[in-house]
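Inspection log for the structure reproduced underneath, given as structure tokens.
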């Protein structure tokens with residue numbers, strides 16, 4: 001990743017970085033070497049969502065969503081890695097909204113809305129409540145798998161990758177195909193996020209995200225059938 005000015009986002013050339021001053025906005029750095037990739041690996045720039053106290057709640061949310069959709073690679077590149085940075089709450093709002101609408105729509109398509117309105121509301125509420133739990137569990141499983149592929153960044157980095165990849169899930173508010181499109185784009189964003197924040201290649205990130213549900217589903221199934229066999233009454 002090429003170093004950028006934390007003030008204006010200007011990409012430094014090697015000779016510009018050595019000068020200790022941004023040629024674009026004239027921001028001075030007390031130590032030019034502090035902007036090297038190794039020393040800034042965990043520093044980064046806070047997202048607009050993390051600056052919502054300064055920008056305002058909705059402005060911070062909107063600007064973060066725009067950055068995530070327009071320039072996802074740079075968006076994840078610039079993130080800090082040493083804290084969660086509101087990723088869980090962001091996932092809850094963006095992902096929970098999409099999941100709630102998508103879950104409710106799936107129920108309502110099964111019959112008359114007047115008859116199904118209560119299951120619709122319950123499904124939407126359950127999806128919204130389950131969103132942060134799914135984010136935490138998903139991030140924990142992805143982090144465990146990514147460690148097997150050589151990732152060495154802290155858990156906060158993986159939580160950020162999963163939490164901030166939820167932006168496309170908001171497409172779930174669109175009827176019929178919104179949930180499918182949002183889920184596919186969410187997987188793309190998660191791949192980019194894991195790759196940039198955990199310093200893995202794109203191929204390894206794809207492998208992590210594809211193998212995680214498969215491997216842990218196998219373990220869960222094995223544990224379930226082992227428990228059934230253990231506690232089943234003997235003939």
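The values are calculated or read from the model by the stated rules, or taken from the named source; none is laboratory data. Note that this is a predicted model, so its numbers are computed, not measured. Glycine also receives a Cβ, built like all others from the backbone with ideal geometry; neighbour counts cover every protein chain displayed.
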Report, ordered by the first and then the second residue, all pairs with beta carbons closer than 6 Å, sequence separation of six or more or different chains, a first member in segment 184-199 that is closer than 12 Å to residue 79 by Cα, and a second member that is surrounded by fewer than 20 Cβ atoms within 10 Å (Cβ to Cβ). 196/77
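Considering segment 185-210 alone, what residues qualify as being more than 11 Å from the chain's Cα centre (by Cα), surrounded by 15 or more Cβ atoms within 10 Å (Cβ to Cβ) and either part of a helix (DSSP H, G or I) or not assigned by TED's automatic domain parsing to the domain that holds residue 87 (or both)? Can you show your working first?
First, the residues of segment 185-210 that are more than 11 Å from the chain's Cα centre (by Cα): 185, 195-196, 198-210.
Subsequent filtering for residues that are surrounded by 15 or more Cβ atoms within 10 Å (Cβ to Cβ) retains 185, 195-196, 198-200, 204-209.
Once the filter is applied, which keeps residues that are more than 11 Å from the chain's Cα centre (by Cα), surrounded by 15 or more Cβ atoms within 10 Å (Cβ to Cβ) and either part of a helix (DSSP H, G or I) or not assigned by TED's automatic domain parsing to the domain that holds residue 87 (or both), segment 185-210 yields 185, 195, 196, 204, 205, 206, 207, 208, 209.
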Residues in segment 153-170: is at least one modelled with pLDDT under 90 and surrounded by fewer than 21 Cβ atoms within 10 Å (Cβ to Cβ)? no
If residue 15 meets every condition in (1) assigned to a helix (DSSP H, G or I); (2) at pLDDT below 60; (3) in contact with a helix residue (DSSP H, G or I) (Cβ under 9 Å, 6 or more places away or on another chain) apart from one, which number is that one? (3)
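What residue, among those in segment 150-180 that are closer than 19 Å to residue 210 by Cβ and either without any contact (Cβ under 8 Å) to a residue 24 or more places away in the chain or assigned to a helix (DSSP H, G or I) (or both), is farthest from the chain's Cα centre (by Cα)?
Going through segment 150-180, the residues closer than 19 Å to residue 210 by Cβ turn out to be 150-151, 158, 161-162, 165-166, 168-169, 180.
Checking which are either without any contact (Cβ under 8 Å) to a residue 24 or more places away in the chain or assigned to a helix (DSSP H, G or I) (or both) leaves us with 158, 161-162, 168-169, 180.
Numbers: 158: 8, 161: 4, 162: 3, 168: 10, 169: 11, 180: 17 Å.
Within segment 150-180, the match that is farthest from the chain's Cα centre (by Cα) is 180.
Would you call residue 100 closer than 16 Å to residue 169 by Cβ, modelled with pLDDT of 85 or more, touching a helix residue (DSSP H, G or I) at 6+ places or on another chain (Cβ under 6 Å) and in a helix (DSSP H, G or I)? Break it down stepwise before answering.
Details: closer than 16 Å to residue 169 by Cβ: yes; modelled with pLDDT of 85 or more: no; touching a helix residue (DSSP H, G or I) at 6+ places or on another chain (Cβ under 6 Å): yes; in a helix (DSSP H, G or I): yes.
When the stated conditions are applied, residue 100 does not pass them.
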